[in-house]
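A.B. asks: Structure below; questions to follow.
What follows is calculated from the coordinates using simple rules that are stated; it is not laboratory data. Because the structure is predicted, anything quoted here is derived from the model rather than measured. Positions of Cβ are backbone-derived with ideal geometry, glycine not excepted, and every protein chain shown enters the neighbour counts.
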Amino acid sequence: MSERQRILVVDDEESLTDLISLALRYEQFDVDVAHTAKAALLSLPVFRPDLVLLDVMLPDTDGFEVARRIAAESPSTPVLFLTARDGTEDKIRGLTVGGDDYMTKPFSLEELIARIRAILRRTSRAGAERQRLAFADLEMDEDTYEVRRGGERVELTATEYKLLRYLMLNPRRVLSKSQILDHVWHYDFAGDANVVEIYISYLRKKLDRAGAPLIHTVRGFGYCLRESQD
């Protein structure tokens, strides 16, 4: 029996999320619900949805910002906006920040489910590609959360894994501390930016045991995942 596809429903209107969740479960989807942007972003790496159904107007952050972060942290996860904001500029913005489709309220459940299935059909081919990231002799399996270097398994904590994943999604690109904080720690993190240095050092110690350094400091700018240059 094939695994059910997972839908994350993000809307602050509980009566609506209850209705949508009931309909989706009837259609044999697994469903998780978030009523705030923060809850949605925290659910993303845990629930690992195949699609996010996203309202634009949320109590803490607008849905456009949530979609931007989804595109950065989980670029293969499609987003379907479902909102009362029906202006052309809103639709254009939603599709520009990473949305795959845009529906306005009121809506029919039949059309919503049809659009969800259409998006999932389009993105299913890309699903296999997102299961594994690779750079040099470093491999990350997003299904099993295993990391290997030179064929040897590297044991990472959840935060170390998220940090390495962000670096592997942006190989050879210099990433600032603020960018790393924004994408690895949730957006309202207000701690010391030195936490980035600490976790970079943790990663280096674990990865460098199996080969030449891959994470490099670019002084005054940030960090870069690249092979060593003689």
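A.B. asks: On full extension of the chain, what length is gained from Lys177 through Thr104, given 0.36 nm per residue of separation minus the C-alpha to C-alpha distance?
C.D. replies: 22.5 nm
A.B. asks: At q = 0.22 Å⁻¹, what log₁₀ I(q)/I(0) does the stretch 136-225 have when each alpha carbon counts as one equal point scatterer in the Debye sum?
C.D. replies: Per q value, in the given order, log10 I(q)/I(0) is -1.16.
A.B. asks: Okay, next question. Under a crude label model (7 Å from the Cα following the beta-carbon direction), how far is Phe221 from Asp12 in nanometres?
C.D. replies: 4.0
A.B. asks: Rounding to the nearest 10 and keeping the result within 0 to 90°, find how far the Cα-based axis of helix 109-127 lies from the longest principal axis of the chain.
C.D. replies: 20
A.B. asks: On to the next question. Of the listed values (1) 1.01; (2) 0.92; (3) 0.95, identify the label whose number matches Rg/Rh (Cα atoms, Kirkwood Rh) calculated from this model.
C.D. replies: (1)
A.B. asks: Also, I was wondering about something else. To check you understand DSSP bridge types, tell me what percent of the beta bridges within the chain (both residues inside) are antiparallel, rounded to 5. Present the calculation step by step, with values, prior to reporting the outcome.
C.D. replies: Values: 16 of 32 bridges.
Beta bridges within the chain, antiparallel portion: roughly 50 percent.
A.B. asks: Work out the charge dipole of the chain with +1 on the Cβ of Lys and Arg and -1 on the Cβ of Asp and Glu about the Cα centre, then indicate which of Thr96, Ile70, Thr159 is farthest towards its positive end.
C.D. replies: Thr159
A.B. asks: So how far apart, in nm, are the two label points at Glu197 and Leu95 if each is 7 Å from Cα heading toward Cβ?
C.D. replies: For the pair Glu197/Leu95, the computed spacing is 4.6 nm.
A.B. asks: Something else now. Hey, what did the stretch 6-127 get for relative contact order, percent, Cα under 8 Å, at least 6 apart? Don't skip to the end; give the middle numbers.
C.D. replies: Working: 188 pairs, mean separation 27.1, N = 122.
Relative contact order here is 22 percent.
A.B. asks: Where the only charges are on Cβ atoms (+1 Lys, Arg; -1 Asp, Glu), what is the dipole of the chain about its Cα centre, to the nearest 20 debye?
C.D. replies: Values: 32 positive and 39 negative charges, 192 e Å.
The dipole magnitude comes to about 920 debye.
A.B. asks: Okay, moving on. Based on the alpha-carbon gyration tensor of the stretch 6-127 and its eigenvalue square roots a ≥ b ≥ c, which shape applies: rounded if a/c is under 1.5, prolate if not and a/b is larger than b/c, or oblate? Write out the running numbers ahead of the final one.
C.D. replies: On the way: a/c = 1.14, a/b = 1.06, b/c = 1.07.
Rounded shape, in that the Cα axes give a/c under 1.5.
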